[in-house]
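The values are calculated or read from the model by the stated rules, or taken from the named source; none is laboratory data. Just so you know, these numbers come straight off a predicted model, no measurement behind them. Please note: Cβ atoms are built from the backbone with ideal geometry, for glycine as well, and neighbour counts cover all protein chains shown.
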Amino acid sequence: MASSEATTVADYLDEQQPERRELLEAVRDTVVTNLPPGYTEQVRWGMITYEVPLERYPDTYNGQPLMYAALASQKRHVSLYLTGVYADEQVAADFAERWRATGKKLDMGKSCVRFNRLDAVPLEVIAESIRSHPVDDVIAAYEAARAQH
């Protein structure tokens, strides 16, 4: 991961080269516009995060907010981390199918989608994914996963 010492989203974006910043801003705008109520946008772990604030759900295993999504500028690409996709195999398969149906190549790990250019990103697929996981659903999934361990 490319290292960032930024503490605000504006500082994080200011660190970027113009082309990379344009890509980050477009994806960020899509996330923010479609983010269900209750999440907050922060800079944590060297990336822009979308998380359940501790005021809403303080009982986390590490004392940190539950991360829902994150956007990071890496050395060779931008990564969008989608925990709602990562947490459910069927949701991941549906996400991949919708992405590929746009004709755009999908470069995806377990929880992240990687891309280098805005024209390689179907923003409507990202918007749909972000919209589909309200805070209460994320908390319930986290609690169910914790109960299994």
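Can TYR68 be described as part of a strand (DSSP E or B), touching an Asp or Glu at 6+ places or on another chain (Cβ under 7 Å) and within 18 Å of VAL31 (Cα to Cα)?
Against the criterion (part of a strand (DSSP E or B), touching an Asp or Glu at 6+ places or on another chain (Cβ under 7 Å) and within 18 Å of VAL31 (Cα to Cα)), TYR68 qualifies.
Filter region 29-64 down to residues that are closer than 18 Å to ARG76 by Cα and not in a loop (DSSP other than H, G, I, E, B) and give me whichever is farthest from the chain's Cα centre (by Cα).
The qualifying residue farthest from the chain's Cα centre (by Cα) is MET47.
Can you find, within region 38-52, the residue that is surrounded by the fewest Cβ atoms within 10 Å (Cβ to Cβ) among those that are of a type in the set (S, T, N, Q) and closer than 18 Å to ARG21 by Cα?
Once the filter is applied, the top-ranked residue is GLN42.
Can you pull out the residues in region 21-45 that are touching a strand residue (DSSP E or B) at 6+ places or on another chain (Cβ under 7 Å), free of Cβ contacts under 8 Å to residues at least 60 places away in the same chain and not β-branched (Val, Ile, Thr)?
Result: LEU24, ARG28, GLU41, GLN42.
Are any of the residues in region 91-114 under 16 Å from the mean Cα position of the chain (by Cα), closer than 17 Å to GLU22 by Cα and surrounded by fewer than 20 Cβ atoms within 10 Å (Cβ to Cβ)?
Let us first name the residues in region 91-114 that are under 16 Å from the mean Cα position of the chain (by Cα), namely 91-92, 95-96, 99, 106-114.
Remaining after also requiring closer than 17 Å to GLU22 by Cα: 114.
In the following step, the residues that additionally are surrounded by fewer than 20 Cβ atoms within 10 Å (Cβ to Cβ) were identified as 114.
Within region 91-114, one or more residues are under 16 Å from the mean Cα position of the chain (by Cα), closer than 17 Å to GLU22 by Cα and surrounded by fewer than 20 Cβ atoms within 10 Å (Cβ to Cβ).
Looking at region 71-91, which of the residues that are under 13 Å from ASP137 (Cα atoms) and not in a helix (DSSP H, G or I) is modelled with the lowest pLDDT? Walk me through it before giving the result.
Just the residues of region 71-91 that are under 13 Å from ASP137 (Cα atoms), to begin with: 83-85, 87-88.
Right, trim to not in a helix (DSSP H, G or I) and you get 87-88.
On the way: ALA87: 78, ASP88: 84.
Among those residues, the one meeting the criterion is ALA87.
Using beta carbons and a limit of 8 Å, which pairs, at least six apart or on different chains, have the first residue in region 89-115 and of a type in the set (Ser, Thr, Tyr) and the second one part of a loop (DSSP other than H, G, I, E, B)?
THR102/PRO122
Considering region 13-25 alone, what residues qualify as being within 18 Å of ARG114 (Cβ to Cβ), of a type outside the set (Asp, Glu) and over 13 Å from the mean Cα position of the chain (by Cα)? Give the steps one after another, and end with the answer.
Start the filter on region 13-25 by keeping residues that are within 18 Å of ARG114 (Cβ to Cβ), which leaves 16-17, 19-25.
When the remaining residues are screened for being of a type outside the set (Asp, Glu), the result is 16-17, 20-21, 23-24.
The answer is GLN16, GLN17, ARG20, ARG21, LEU23.
Just give me the residues in region 117-140 being of a type outside the set (Asp, Glu), over 15 Å from ALA92 (Cα atoms) and without any contact (Cβ under 8 Å) to a residue 60 or more places away in the chain, in sequence order.
ALA120, PRO122, ALA140
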